[in-house]
Amino acid sequence: MIYVVLYLAAIVLANILILLYNPDTVSMTWALVAETGISFFLIGLDLSIRDKLHDYWQNRNLWPKMVTLIVSGSLITIFFNLEALQIAFASCGGAAVDSLVFPLVAFGFYPGVHWIILGQFVAKVFGGALWAFVIDHFRRGPENTAEAAV
């Protein structure tokens, strides 16, 4: 259960922060810094937790649970801020596809978008690797299994 709560908290916070710090609201430099940090810390955590839940739910109604989890994150984001509707929809991809699709769907094509796409991809891959390491090694022993965390 803790992983479900962490997943939802991470994705909702990421979506709201992206709404606040994007190329339409801040300079391109600050948007790049903010989106890279958000990708590293929050989206990396989100993707790692989603992988952990995927492994745990395998052969136990996986697809309905995963769809419910991902849609719930978007709906909670929209509940907190209706202006985040496009951002909530854009947050439903994997690291590589998400890094390409997210900025284009959420904000459109603009000069310098390629740097945000590249920065998000690199940050999500390394952030995901860091969070996967933390999730797998934070607690030692049998209580560190996916079954004990959900």
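The values are calculated or read from the model by the stated rules, or taken from the named source; none is laboratory data. Predicted, not measured: the structure shown is a model, and the values here were computed from it. All Cβ positions, glycine included, derive from the backbone under ideal geometry; neighbour counts span all protein chains shown.
Scanning for something over 12 Å from the mean Cα position of the chain (by Cα), surrounded by 15 or more Cβ atoms within 10 Å (Cβ to Cβ), among the small types (Gly, Ala, Ser) and modelled with pLDDT under 80, does segment 95-107 turn up at least one residue? Looking through segment 95-107, at least one residue is over 12 Å from the mean Cα position of the chain (by Cα), surrounded by 15 or more Cβ atoms within 10 Å (Cβ to Cβ), among the small types (Gly, Ala, Ser) and modelled with pLDDT under 80.
If I ask for residues that are part of a helix (DSSP H, G or I) and either surrounded by fewer than 17 Cβ atoms within 10 Å (Cβ to Cβ) or in contact with a Ser or Thr (Cβ under 6 Å, 6 or more places away or on another chain) (or both), which ones from segment 17-33 would you list? Step through it out loud before you land on a result.
Filtering segment 17-33 for residues part of a helix (DSSP H, G or I) gives 17-20, 28-33.
Matches in segment 17-33: LEU20, MET28, THR29, TRP30, VAL33.
Which of the residues that make up segment 58-69 are surrounded by 11 or more Cβ atoms within 10 Å (Cβ to Cβ) and free of Cβ contacts under 8 Å to residues at least 24 places away in the same chain?
LEU62, LYS65, MET66, VAL67, THR68
When GLY112, GLY119 are screened for being surrounded by 15 or more Cβ atoms within 10 Å (Cβ to Cβ), modelled with pLDDT of 65 or more and closer than 13 Å to GLU35 by Cβ, only GLY119 passes.
A count restricted to segment 50-60 and to residues that are over 21 Å from LYS124 (Cβ atoms) and assigned to a helix (DSSP H, G or I) stands at 2.
Collect the residues in segment 38-73 that are basic (Lys, Arg) and touching a helix residue (DSSP H, G or I) at 6+ places or on another chain (Cβ under 9 Å), keeping them in residue-number order.
ARG50, LYS52, LYS65
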